[in-house]
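The values are calculated or read from the model by the stated rules, or taken from the named source; none is laboratory data. Predicted model, so just to flag it, every value in this text is computed and none were measured. Here Cβ is always computed from backbone atoms with ideal geometry, including for glycine, and neighbour counts include all displayed protein chains. In case anyone asks, the SASA skips ligands and DNA or RNA and just uses the protein heavy atoms, side chains included. Shrake-Rupley method; radii C 1.70, N 1.55, O 1.52, S 1.80 Å.
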Amino acid sequence: MANVRFTATGTDKYLKVTDNLNDAAEPKIKLQRAQAGEPPFEVSVSTFDGKTGEVKIEVSRNGTDYNIHDPRMTVRDQELYPIDDSNLPPQAS
């Protein structure tokens, strides 16, 4: 297993992280705030080699409507990954 950390840049957003290497894994979801001092969102994921895994990242403004940010992000144990505002669903008017 790899322990991977995610932060939000730009605006606050919900992050949904799905382990692509484990079909039985449930997605992990958290509202991640984009501010200094906010602790990262930590997720344990399966690995190819004990250190490297692959996840699907989805992003949302409201925790209901998600868009795919990256369908196959390669991640490494103990690394920190900033998730920006690209592919966020549009704001409701």
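Annotations
- In the set ASP49, ASP19, only one residue is modelled with pLDDT of 95 or more and loosely packed, with under 12 Cβ neighbours inside 10 Å; that residue is ASP49.
- Residue match in the stretch 60-82 (condition: more than 14 Å from ASP19 (Cβ to Cβ) and in contact with a His (Cβ under 6 Å, 6 or more places away or on another chain)): no
- Yes/no for ARG72 being in contact with a Phe, Trp or Tyr (Cβ under 8 Å, 6 or more places away or on another chain) and either open to solvent by 40 Å² or more (accessible area, probe 1.4 Å) or acidic (Asp, Glu) (or both): no
- Residue satisfying all of: in the stretch 81-93; of a type in the set (A, V, I, L, M, F, W, C) and surrounded by 12 or more Cβ atoms within 10 Å (Cβ to Cβ); modelled with the highest pLDDT among these: ILE83
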